[in-house]
Amino acid sequence: MSQSHSISRTTAWVESLRPRTLPLALASIITGSALAYWLHHFKPAVAFLALLTAAMLQILSNLANDYGDAVKGSDTEERIGPLRGMQKGVITQAQMKRALLLTVLLTIVSGLALVVVACEKPSDILGFLLLGLIAIIASITYTVGKKPYGYMGLGDISVLIFFGWLSVAGTVYLQSGFFEGVVILPATACGLLATAVLNINNLRDIDNDRANGKNTLAVRLGPQVARYYHLFLLISAVIFLALFTLLNLHGWSGWLFLLAVPMLCKHGITVLRNPNAADMRPLLEQMVKAALLTNLLFAIGLLLN
């Protein structure tokens, strides 16, 4: 750990919190809230608490990811991606455990407030309390535990479920009080874009992950197939948004998300043409921006429609 004292403790904690990941986590809540507005059931207080809870879950996932990878030794100095506070020796295991416990408590408080404000039926209260518990467990066990599912290639389906179906459809349900099957199309698109972000991250770290037994889906597919899979995620997301717009919206505003397509196309082509893992480093931030832009344009289109 030659870098152990090269950064301050504050900087180390900021690196572990990974604030740049928060906009993407919040994008699904914004999309869900825009859908609730489109359905004439928007509730600002519920939307705010949903955003807060999603942010806490993302922070919890980030901290748990750093802890799990550091304990297992899968993040080494050979890793292309940035080393975090624990890997640099600035944050101890005990300190990270305390931070995880605090974040879990804050997430529970935020989630309980959301359920109290949004839910009226006992079945809804129990259902969302259970979903909240599952979300907390999933955030931690991605890299923590004897058999973390992130090391078995199940991270992609988890992101699709939590960043897509549950986040978007759940946000709509919390504001409307009922389930609308029509929201599954944009919810799936949102989840696919988030999964593409994870895939770029895994493509960047594919060599280090393979060497340390972290069998992400990118490792299992291999670098070339994982790049075609990435293109599939991008194309599928656009198709799902287009289907929703074609079937449910009227006027030009519903197609605003198409303004992000050139950025998605450029990104996808660049991923295919760059076979080296190191080339994925700048493409991760590019993918985050493209996913966020697509979701925001779609949400704006819903509001205008």
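A few points about this structure:
- Estimated inter-spin distance, Leu106 and Thr270, nm [label 7 Å along Cα→Cβ]: 3.2 nm
- Taking a point 7 Å from the Cα of Leu303 along the Cα-to-Cβ direction, the residues of the range 38-68 with backbone N closer than 20 Å to it are 38-55.
- For the listed residue pairs Lys97/Lys147; Lys72/Lys289; Lys97/Lys214; Lys97/Lys146; Lys97/Lys289, the alpha carbons are over 27 angstrom apart in Lys72/Lys289; Lys97/Lys289.
- Were the residues from Trp252 through Val225 laid out at 0.36 nm apart, the gain over their Cα-Cα distance would be 6.1 nm.
- Listing Met96, Met152 from fewest to most neighbouring C-beta atoms within 10 Å gives Met152, Met96.
- Residues within the reach of a label modelled at Ser236 (point 7 angstrom out along Cα to beta-carbon, backbone nitrogen below 12 Å), restricted to the range 185-207, are 188-196.
- Modelled this way, with points 7 Å down the Cα-to-C-beta line, the labels at Lys146 and Arg210 are 3.0 nm from one another.
- Percentage relative contact order, the chain, counting C-alpha pairs under 8 Å, at least six apart: 23 percent
- In the chain, helices alone account for a calculated mean residue ellipticity at 222 nm of -22500 deg cm²/dmol, with every DSSP H run of four or more residues adding -39,500 (n - 2.57).
- Span-like helix ranges in the chain, DSSP H, alpha carbon extent 20 angstrom or more, Kyte mean at least 1.6: 93-118, 122-141
- Among Ser33, Ser158, a tally of other beta-carbon atoms within 10 Å of each Cβ gives an order, fewest to most, of Ser158, Ser33.
- Ser123 versus Lys72: modelled label distance in nm, points set 7 Å from Cα along the beta carbon direction: 3.9 nm
- Estimated Rh, the range 162-305: Kirkwood, alpha-carbon pairs, angstrom: 15.9 Å
- The calculated FRET efficiency for the pair Thr92 and Asp279, based on their C-beta separation and a Förster distance of 51 Å, comes to about 0.90.
Just so you know, all these numbers are worked out from the coordinates, no wet-lab data involved. Because the structure is a prediction, the values reported are computed rather than measured. Glycine gets a Cβ as well: all are built from the backbone with ideal geometry, and neighbour counts include every protein chain shown.
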